[in-house]
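Single-structure report; data block below.
Bear in mind these aren't lab numbers, they're just calculated from the coordinates by the rules spelled out. What you see is a predicted model, and the numbers here were worked out from it, not measured in a lab. Positions of Cβ are generated from backbone atoms using ideal geometry, with glycine treated the same way; all protein chains shown enter the neighbour counts.
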Amino acid sequence: MAGRVAAGVNGGVDVVQLRDKELPGGELLELARELEKAVRGRALLLVNERVDVAVASGADGVQLGEAGLPTEASRRMLGDGALIGRSVHSVDGAHAAVRSGADFLLVGTMFATRSHPGEEPSGPGLLRRIRDAGITIPMLGIGGITEGNAAQVLDAGADGVAVITAILADADPCAAAQRLKSAMIAGAAENATIDRAQLTATPGMTGGATPP
């Protein structure tokens, strides 16, 4: 797995999120350390929900669900320099996350996705509603995003996109990341209000890319 993640980073991913709810803590920590070593100096590493694993592995931060640990408590354990993201699914959820001190939001679900079968997607319109409600911190759209629809997500107000299948299910994760990043850069160029476009990928992970 570390090799495929490293390939995605070679293709332009600049944030990797480890997400595996099934692995026991010890195995998850071992994987986190392996990934941290694989991406060190080239990409940030976030751990989903497990603040303890993030601290022990030297990760750069965590991604927390809406019902996850409070942001303030996580910050005390991680330190002030850590990144803390929160998943949100509504305008109210976005406001609550911002009030809690989150550094960025993971907003979904954009489109139908195999990782959440049967879930009704909110569509990019949710991003636009959150921006219109005055939320200014960085947001990533997640859910069913591909190189063909990434521009829609950016145009709705996202600073980037989070993906799983689009990179990690590809036979060549490096090339897949390059294609998606190119699509994002093209989409950002069409919208003068966007000066960054970040990409995120996951099998138990997520990753991000920022155009120069």
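General remarks:
- Mean sequence separation of contacting Cα pairs (under 8 Å, at least six apart), scaled by the length of the chain, corresponds to a relative contact order of 24 percent.
- Gyration tensor verdict on segment 2-207 (Cα atoms; rounded if a/c is under 1.5, prolate if a/b is larger than b/c, oblate otherwise): oblate
- Neighbour counts of C-beta atoms inside 10 Å place Ile130, Ile142, Ile137, Ile167 in the sequence Ile137, Ile130, Ile142, Ile167, starting with the fewest.
- Of all DSSP-defined beta bridges confined to the chain, some 15% are antiparallel rather than parallel.
- Per-residue Cβ neighbour rank within 10 angstrom, fewest leading, Ser122, Ser74: Ser122, Ser74
- Residue order for Val13, Val91, fewest other beta carbons within 10 angstrom first, comes to Val91, Val13.
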